[in-house]
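Written below as structure tokens is the structure these notes are about.
Just so it is clear, none of the values below were taken in a lab; they were calculated from the coordinates. Predicted model only: the values in this text are computed from it and were never measured. FYI the Cβ positions are ideal-geometry reconstructions off the backbone, even for glycines, and counts take in every protein chain you see.
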Amino acid sequence: MSNSNSAQNGGGCGCGGGDDDDSVVNWAALVISLVALLGTAAQVLQQYIASAAGYANCGENVMGKWHESKKRKFRPTELRFEVRFQTPVIFVCPTNNLRGPIMGQPICFVDGTKESLVKTRAMLANDEERQRRSQESRVHTADNERASWVVLLSHLQTMENESAEWQKEHYKLNWPYRPSPVTFQQHTLAVALQPKERSWDTMPAGVKKPYATTTICHLLEIAAMMGIYWKEFDRSRDRYRAEGNGYLLTGVNVPDLGVMFTLQVTGKSKFRENRVIPVDEVKELCCGFVSTLFRESKDPRRIEFPNEDTNDMGFLQLGSMDEIAETMVQIQCNTDTANYFRSREAKHRHLFPVPFELLGMLGKTLHIRDSGFRMLPNPTPYRWDKKFFNLRRLVKEYRNRISDTDALDLPPNAQIQKLETVAKELVDALSEDMKSKTPGNSLPLLSKLHEVLDQCDDFLKKCDRDLVRMVLREHFQEVMRLINEKSTAESGHDIRSVNGGGGDKRRAEHFDELTAANPEQRQEAFMELYFFKVLRHVKTEAVKWYCRRRQTTQYAPSMHSREPSVKDIDSDSGAKGCTASAPSARPTTTTPASSPPPGPTTPPVPRLQKQESGQQRDKLQVTIQVSSGPGPNSDDGNNIPLMESKAAAIWCTLVLRMLCWLLLHDFDKKDVQEFPKSELLGSRLPVYIA
Ligand SMILES: *[C@@H]1O[C@H](CO)[C@@H](O)[C@H](O)[C@H]1NC(C)=O
């Protein structure tokens, strides 16, 4: 308007000079005020925009694709912008899980497929690396720009993708053997995430990058899955460091927040045959707990905290020397045995550390049928170093001994005969495996091992639990004694010469003689020692103590003063086993409590009975009558051999199971529980990933 006015004025005439001056001044004033107004407006605007603190820290260079979630939101009451963005909440769960920590939101699984990459807004590690490099050369940013949880996500995706691709390849190499491939859905352990919206307002001072959240137990599980082993784990000073498989994971305390972990890639990682078996029990193993074959699958998923009275051997705790000593006490070993584990001076190994033996005898089979993965996190503080022994040769020696009646010193019973055939089949499977394209983990061998383990489990579950415990106890007592007692005292009477290949050979009497044996003879000497010395001791002692205990507990008021509960029935049946043979226990052992729901299958004992010689059957019948007679304290000598033969069958089954379990599963040589973490099992303490 003023413009047109002045134009009119200017155009009207040239006579009014004062008018001209005025308009110039007006003009100048107008321009200046406009500039000032503009400046102020810009300043105000800049102030609003600048109030969106942290917006620049949520760029693509920091958060990868997650940067698309960032937005500014105007807060009218505070006259400023708030920055909101999404970061993942990362957790570990079975693949059929539907509920995450954030209610009512779907969860995205990390499974290595293209869809999963889109959903989790991640890239495979190689692509991620390439993109990061190109961004860095464009913007010249520092190396540590990217949030480490973005790196973590992409490496987890790579873990799933690479291992699935490896397994496909593995199936091809095992070609004539065609199992149904294991799918991601069959895994009971997977990493998943839910996006969570956060505000920059709540970022603690000093934190410059958006962080992801998880909990300490999930972090331990993820580290175990990725092959990262703890080198420092100091909870009181909040210093954490773990290394392995080309990664470095460090944790420090951040004031006002908690423990912040950072993942760095330091080298090449590999997720092939070394991938940890994706089963739920990994959660327990990485805290030093082991579910055993006696743990029913219908049990609540997580181990409930060590109820002191649990005596059902449902789980073992092997995370430190002290925990192993406790576990030995739990299977009722004497104090000597427990003390061997508490003492640093005592020896704990023969061919390999003894806790692995317990693990192999009782640990649940975690291999997924038809899968090629065998690796597990090591739950013990001992290194699993396969250099010093040969499990395959041990199986061969086991087979030689179990078919050697001299070694067994027993009338063969059905289970031992069965073990004999099974061992022969195993030896065949092992030599087939050596000829295959993937020696060591060819699928037919893994499937055979799995099958044998299942058979052993079936047998052991049907046995009287107390007798099994007694056999275990006597076994470990004897083994630890033989390891730690000096062999100087030659007992003389038990030395026999074996006509072996190279002339006179004395049978090893103590485990320390094994170290002197050369590697080819070591496993033979070991098995001889086991069968001639340990088995003989175990079968008599186990039965002796089993019967004594039965007789004393039989009169303990607690056992009979109340209605027989499930537990009582269990122990009751065992008590009868002492005087009578097992058939008398049959009606009670089929109660749902002591064994899995009895299917149409015949109970174990009659089958055993069927194959026994007529002479023995007579004995069985006699003992049945005894059992229905006066009572358990009539310690009839007749059935002791039968009990001993049962104990021997249990021992032979346990030893074969140990060999198979340790062949089927594997541990990384660098993986040890240096720091006890049992109190972190299932811990929901939040931790952060920078
Ligand atoms: C692995 O990733 C590639 C590339 O994204 C994809 O083509 C392939 O299907 C993935 N493999 C599996 C087993 O998910």
Point to revise | Inter-probe distance in nm under a simple model that places probes 7 Å from Cα toward Cβ, at residue 329 and residue 36 | key: 8.6
Check your understanding: If you count, for each residue, the other Cβ atoms within 10 Å and average over each peptide, how do 460-469, 23-32, 438-447 line up from highest to lowest?
Key -> 460-469, 438-447, 23-32
Check your understanding: If the chain between residue 127 and residue 197 were fully stretched, how many nm would it gain, using 0.36 nm times the residue separation less the Cα-Cα distance?
Key -> 22.6 nm
Practice item. Fewest Cβ neighbours within 10 Å first, please rank 62, 191, 265 accordingly. Key: 265, 62, 191
**Study point:** Net +/- balance of residues flanking residue 82 in space, Cβ distance below 10 Å, scoring K and R +1, D and E -1
**Key:** +4
Check your understanding: Just in the stretch 311-377: which trypsin sites (Lys or Arg not before Pro) are loop by DSSP and have at most 11 other Cβ atoms within 10 Å?
Key -> 344
Check your understanding: What's the local net charge at residue 231, with K and R +1, D and E -1, over the other residues with C-beta under 9 Å away?
Key -> -2
Review point. Taking the alpha-carbon centroid of each part, what is the distance from the stretch 26-98 to the stretch 353-405 in angstrom?
Key: 59
Study note, to complete from the structure: Any residue on another chain or 5+ positions along whose placed amide H is under 5 Å from the amide H of residue 196 is listed here as 87, 89
Review point. Taking a threshold of 22 Å on the Cα-Cα distance, which of the pairs 114/209; 387/424; 364/437; 396/435 fall above it?
Key: 114/209; 387/424; 364/437
